[in-house]
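Participant: Before I ask anything, here is the structure I am working with.
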Amino acid sequence: MSERIAFIGGGNMASAIIGGLIQQGYSGPQIDVVEPSEDARSKLLGSFGIQARPQVGPFLGEAGLIVWAVKPQTFKDAALAAQPFAAGALHLSVAAGIRSDSMATWLGSERIVRAMPNTPALVGKGIAGLFARSAVTDADRKRVEDVMATTGQFIWLDAEEQLDAVTALSGSGPAYVFYFMEAMTTAGTEMGLSRAQAHQLAVATFVGASELARTADEPPQVLRQRVTSKGGTTFAAISEMENNDMRAIFIDAIYAARERAKTLGDEFGAA
C-alpha cells in the first residue's frame, strides 16, 4: 500500500477506482489526479480529500502506476504531455478504443495494460476485460488485478482485439439493461401502476434474475424455458418478442457497438 498511484482524468470511472483503493487502505495523499475540470477537481476534494492538479508535472515520476481515465479523443495529447515524466511507470488504461500500440508510441513505454470496465464499478459490482502487452510482468499483472478487484470482477484476454467485444457486451451492457428497465417501467405505468411501483418491480426483477443466473448450474436459455409454460403469460410475451425478431435486433445492436469500438481505435490512434 506504499506505492503512489496517479490518475490522468478524474471522472466517474477514476472516482470508482479511487473509492475502491481508499476502502482497501490507500489514503488520499498517496493518490495524484490530473483533472483539467475545476468542477471535477472540487468533487474529488469533497469525496476523497484529494487535491487534484490541473496539469501534469514532475510529480508523475513518483507514481509506480498511472491509470489513464480520459476520453479517447483527448488521450494522445494527454499522453504526449505526460511522457517526459511517466515512461518508467506501469500504465493502466480504462479509455475505450485506444489501442496499446498507440499508447506505447505516445508514452514511450511497453508496460501497458488495457482495461474495459463498466459503470457498475461505481458500486463495486463492475466487470472488466484486461489485456497486457508482452512487457508486462507477472508482478505488474498482480498490481493491476489488485486495483481492478476494488471495482468488481475481471477477466484476462489473450488478444487485444477481444476488448472490442468486451466493450460491446459488458462495457456498453449496463445501458442495454437500463433501456429494458425503462420499457418495463413505461409498460407498468400504462397498465395502472405508479411509476415508483413499476420502477421498483423492474429493478428488483433484474437484480433477482441476475443473481439466479449467477448461482444456477443451468444456462440462461434453460432458466428462461422453465418460466415459459406454453400458453401462459410469459409465453405470450416471449412469442411477441420472437415475432418481432428482437433477438436478432439486439445481437445486431451489440455488433454495432463493437464496430464503433474499432472505429475509435482507428480514429484516435497513432498516425
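The values are calculated or read from the model by the stated rules, or taken from the named source; none is laboratory data. Predicted, not measured: the structure shown is a model, and the values here were computed from it. FYI the Cβ positions are ideal-geometry reconstructions off the backbone, even for glycines, and counts take in every protein chain you see.
Participant: List every residue pair whose Cβ atoms lie under 7 Å apart, where the two residues are 6 or more positions apart in sequence or sit on different chains, the first residue falls within the stretch 158-170 and is free of Cβ contacts under 8 Å to residues at least 60 places away in the same chain, and the second residue, located anywhere, is assigned to a loop (DSSP other than H, G, I, E, B) and crowded, with 20+ Cβ neighbours inside 10 Å.
Facilitator: Ser170/Asn118
Participant: Still on this structure: So Ala79 passes all but one of these: (1) modelled with pLDDT under 95; (2) more than 19 Å from Trp156 (Cα to Cα). Which condition number does it fail?
Facilitator: For Ala79, the exception is condition (1).
Participant: I would also like to ask the following. Scan Gly265, Gly269 and give me the residue that is touching a Gly at 6+ places or on another chain (Cβ under 6 Å) and surrounded by 11 or more Cβ atoms within 10 Å (Cβ to Cβ). Quick ask: steps written out before the conclusion?
Facilitator: On the way: Gly269 fails: touching a Gly at 6+ places or on another chain (Cβ under 6 Å).
Criteria check complete, one pass: Gly265.
Participant: Does Ser109 fit the bill of being at pLDDT 95 or above and polar (S, T, N, Q)? Show your work before the answer.
Facilitator: Details: at pLDDT 95 or above: yes; polar (S, T, N, Q): yes.
Yes.
Participant: Could you check the stretch 125-142 and list, in sequence order, the residues that are surrounded by fewer than 19 Cβ atoms within 10 Å (Cβ to Cβ) and either out of contact with any helix residue (DSSP H, G or I) (no Cβ under 6 Å at 6 or more places or on another chain) or hydroxyl-bearing (Ser, Thr, Tyr) (or both)?
Facilitator: Kept after step one, since they are surrounded by fewer than 19 Cβ atoms within 10 Å (Cβ to Cβ), are these residues of the stretch 125-142: 125, 133-135, 137-139, 141-142.
Of everything in the stretch 125-142, those that are surrounded by fewer than 19 Cβ atoms within 10 Å (Cβ to Cβ) and either out of contact with any helix residue (DSSP H, G or I) (no Cβ under 6 Å at 6 or more places or on another chain) or hydroxyl-bearing (Ser, Thr, Tyr) (or both) turn out to be Lys125, Ser134, Ala135, Thr137, Asp138, Ala139, Arg141, Lys142.
Participant: If you don't mind, another one. Checking the condition of a type in the set (A, V, I, L, M, F, W, C) and at pLDDT 95 or above, which residue from Ala86, Ala121, Ala104, Ala95 passes?
Facilitator: Ala104
Participant: Looking only at the stretch 230-271, how many residues end up being among the polar types (S, T, N, Q) and on the phi > 0 side of the Ramachandran plot?
Facilitator: Initial filter on the stretch 230-271 (among the polar types (S, T, N, Q)): 233-234, 239, 243-244, 263.
Next, from what is left, pick out any that are on the phi > 0 side of the Ramachandran plot: none.
Result for the stretch 230-271: 0.
Participant: Kindly indicate whether Thr228 is over 28 Å from Ala95 (Cβ atoms) and surrounded by 13 or more Cβ atoms within 10 Å (Cβ to Cβ).
Facilitator: Details: over 28 Å from Ala95 (Cβ atoms): yes; surrounded by 13 or more Cβ atoms within 10 Å (Cβ to Cβ): yes.
For Thr228, the condition - over 28 Å from Ala95 (Cβ atoms) and surrounded by 13 or more Cβ atoms within 10 Å (Cβ to Cβ) - is met.
Participant: Quick check on the stretch 159-195: of everything there that is buried (at least 17 other Cβ atoms within 10 Å of the Cβ) and out of contact with any helix residue (DSSP H, G or I) (no Cβ under 7 Å at 6 or more places or on another chain), which residue is farthest from Ala237 (Cα to Cα)?
Facilitator: Among residues in the stretch 159-195 that are buried (at least 17 other Cβ atoms within 10 Å of the Cβ) and out of contact with any helix residue (DSSP H, G or I) (no Cβ under 7 Å at 6 or more places or on another chain), the one farthest from Ala237 (Cα to Cα) is Leu163.
Participant: Considering only residues that are among the polar types (S, T, N, Q) and either under 25 Å from Ser170 (Cβ atoms) or touching a residue at least 12 places away in the same chain (Cβ under 8 Å) (or both), which ones fall in the stretch 201-238? Let's see the steps before the verdict.
Facilitator: Let us first name the residues in the stretch 201-238 that are among the polar types (S, T, N, Q), namely 205, 210, 215, 221, 225, 228-229, 233-234.
Scanning the stretch 201-238 gives Thr205, Ser210, Thr215, Gln221, Gln225.
Participant: Filter the stretch 64-88 down to the residues that are surrounded by fewer than 23 Cβ atoms within 10 Å (Cβ to Cβ) and aliphatic (A, V, I, L, M) and list them by number. Quick ask: steps written out before the conclusion?
Facilitator: Looking only at the stretch 64-88, we keep the residues that are surrounded by fewer than 23 Cβ atoms within 10 Å (Cβ to Cβ), and these are 64-65, 71-74, 76-78, 80-81, 83-88.
Of everything in the stretch 64-88, those that are surrounded by fewer than 23 Cβ atoms within 10 Å (Cβ to Cβ) and aliphatic (A, V, I, L, M) turn out to be Leu65, Ala78, Leu80, Ala81, Ala86, Ala87.
Participant: Pull out all pairs, ordered by first then second residue, where Cβ-Cβ is under 9 Å, the residues are six or more apart or on different chains, the first lies in the stretch 254-268 and is under 12 Å from Pro72 (Cα atoms) and touching a residue at least 12 places away in the same chain (Cβ under 8 Å), and the second is in a helix (DSSP H, G or I) and basic (Lys, Arg).
Facilitator: Phe268/Lys76
Participant: Right, here's the next one. Report yes if some residue within the stretch 39-51 is in contact with a Phe, Trp or Tyr (Cβ under 6 Å, 6 or more places away or on another chain) and assigned by TED's automatic domain parsing to the domain that holds Val147; otherwise report no.
Facilitator: Narrowing the stretch 39-51 to residues in contact with a Phe, Trp or Tyr (Cβ under 6 Å, 6 or more places away or on another chain): none.
The answer is no, given that none of the residues of the stretch 39-51 is in contact with a Phe, Trp or Tyr (Cβ under 6 Å, 6 or more places away or on another chain) and assigned by TED's automatic domain parsing to the domain that holds Val147.
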